[in-house]
Each structure stands twice: as C-alpha cells, then as structure tokens.
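First the structure, in the form of structure tokens, and then the observations on it.
The values are calculated or read from the model by the stated rules, or taken from the named source; none is laboratory data. Bear in mind that the values here come from a model prediction, so they are computed numbers and not experimental data. Note: ideal-geometry Cβ built from the backbone for every residue, glycine included; neighbour counts use all protein chains shown. Heavy atoms of the whole protein, side chains included, go into the accessibility calculation; ligands, DNA and RNA do not. Shrake-Rupley method; radii C 1.70, N 1.55, O 1.52, S 1.80 Å.
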Amino acid sequence: MNKGNTLSEKIENQIYGQIKDILTAARVKAYSAVNFAMVEAYWLIGKQIVEAQAGNERAEYGEQLLQFLSKKLIQDFGRGFDTSTLRRIRQFYLTFPIRATLRHELGWSHYRLIMKVSNGNARRFYIDECVNSNWSTRQLERQINTHFYERMLSSQDKEAVSAEIQKTAPVLDPKDFIRNPAVLEFLGIKPSSHLYEKDLEMAIINHLQEFLLEMGRGFSFIARQKRFSLDGRDFYIDLVFYHYILKCFVLIDLKIGDLTHQDLGQMQMYVNYYTRELMNDGDNPPIGIILCADKSDAIVRYTLAEDNKQIFASKYMLYLPTEQELQDEVSSVVRQKQY
C-alpha cells in the first residue's frame, strides 16, 4: 500500500473526527438549551398558577382556573397543555420553588421523573447524579425504580454500587431530539408519523391503511400514530379506524418481530383507554388488532374487553378482513421492501 495514501487517509480521518466532535457538541448544546428553556418556562407558568390560586382558596376555583388555562393554551399552543400537565407544572414550582436551583443540564423529562421522588434528599441526590454522570431519562428512571439512593445509603461498599451505573449516556442522535413530544410541542412543531416509524414499519402501515380502506367493509379512517398521554407518558397507536357498520373503533398496532405478552398488554391498555375515554353513546366496545411479523408469517391477534372477547370476535369476523388477508398484505409489503 502506498504510504502517502495511508498518511493522507489518517489526516482526513483526524479532520473528520474533529468536525464530528464539533457537531456533536453543538447538538448536545442545542438540545440542552431548548430543554432548559422549556424548564424555565414551565417553572414560571407554575409560579403564575400558584400565585393566582393563592388569592382564592376555594378548591373549585383552582380547578376552574386550570380548565380555563388549558382550553386557551391548547387553542394557542397545541395539545400539550391539558389540565393534568398544568397540575404537573404547578407541582414542579412547588417542588422546586427557588429558580436559581434549577440545573441547566437537566430537561423537563428529567424533572418530571424526579418530582415523583418524595424524599427531598433523594431528589437532590438524583439531580447531582444526573448532572455528574450525564444520565439519560431512561437511566434516571431505571435508577429511581431500583431505589439506587436507598441502596447507596445501606451499602457497605458504596463504590461498587456506584460503579454499577456510572456510565455516560450515548451521544445524542438528531432523532432523539426530534422524537421528544414535549420538545415538539414547546417549539410549536406538529408531530409527524414519519418521525416515529422505521422504514419497513412505515411502508407496512401505509399499505395497510390503503388496504383496509379499499376493503369497502365499513372502515372510516380516523388517525395514524394516534397519541394519548397517561401519567405523563406518551403512547402512539399506529392506526385508528371507526367501523360505521359495527359502530366501534378499530385499533391497529404493528410490531416487527414475535408477538409478546407485553404487546398484548399494551393493546389491552389502548382498548381500555378508548372504552373509558372516547366511546360515544351507542358505540360498541373497540377492538384491537396486533399485526406481528416474524421470519415466516404475520400473527394476528384480537384483544378485546374481557367480558366481550368471544362474542365480538365472531361478530367482527363477518366484516373485518380475515386473518389470512391481513397476513398476505403484510407479507407482500415485506417482500417489496426487501427487494
């Protein structure tokens, strides 16, 4: 091999590495800046709410104020300001009443997790660890759930316990920034389904949506990547239809790989949510369909309300595509995508 070429490649790789480091640092800085701007904004909003409610001690007035603010904020700034979010923002101010103690290294998702810790010393511990070890929200959640603070207090070998989790978070990818729903809403960017799906999954969903509408069996398209929030966590249903013959919602979720009990549990949660929150008078209970593709075939399972499983499964099959039709549609798209 030509030594000159080898030297040239080495220099080029060094230059690329330096440029990569610059862009990575800028990306992290931009991500942190947006997140902390949101943290400060939420702190100020919480302060406004607390001070306004302090002027009127009636509990019903406090709830009325939150409902009024939620309605107006959603009109002007999007769906990220429901009353549960405003209560959380209010609690954020009450939990951290001194603005100067807020850490610019932490985003709203960090603080939302830390607020759930009731012990003040533990909260301060997790804040310091997040900053010093550059914990991601996933790392923070894991340590809170495994009682890392309590384990540190009770352990005789604190260094060993600490070494167990002293790993810095991976470098932020642009997709990590884009996919954060809280950041999207704060910036006024409308979420797009294309930000949440892999290429193969998106292709299957696109074709499946068209396939079901073309079946001509009563499907009316409602939404794709339908988002709803529970206790501060966001969930997305791949496709939502309303079947006007059966008078029920049809929820479809796609999983790449084998079907797991977690998938079934998640779909049961989707069905329960629609049953309790979105059903109208005269509607039948919604059903859920999980399309799960493995190496050989697609597995179709129906997850229904427990007291209606058998009755509605047989009734729905008169109108919905058969399991074989759905399987063939998914398999066809997989083959097209692979080639």
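For every residue, the table says whether it meets (1) at pLDDT below 85; (2) among the charged types (D, E, K, R); (3) closer than 25 Å to Leu106 by Cβ; (4) exposed (fewer than 13 other Cβ atoms within 10 Å of the Cβ).
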position: Met1; (1), (2), (3), (4): yes, no, no, yes
position: Leu7; (1), (2), (3), (4): yes, no, no, yes
position: Val28; (1), (2), (3), (4): yes, no, yes, no
position: Ser32; (1), (2), (3), (4): yes, no, yes, no
position: Gln53; (1), (2), (3), (4): yes, no, no, no
position: Ile74; (1), (2), (3), (4): yes, no, no, no
position: Phe77; (1), (2), (3), (4): yes, no, yes, yes
position: Ile89; (1), (2), (3), (4): no, no, yes, no
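The test for being among the aromatic types (Phe, Trp, Tyr), crowded, with 17+ Cβ neighbours inside 10 Å and under 24 Å from the mean Cα position of the chain (by Cα) holds for Tyr111.
Out of curiosity, is Arg227 open to solvent by 50 Å² or more (accessible area, probe 1.4 Å), basic (Lys, Arg), modelled with pLDDT of 70 or more and closer than 18 Å to Tyr270 by Cβ? Considered against the rule, which asks whether it is open to solvent by 50 Å² or more (accessible area, probe 1.4 Å), basic (Lys, Arg), modelled with pLDDT of 70 or more and closer than 18 Å to Tyr270 by Cβ, Arg227 comes out as no.
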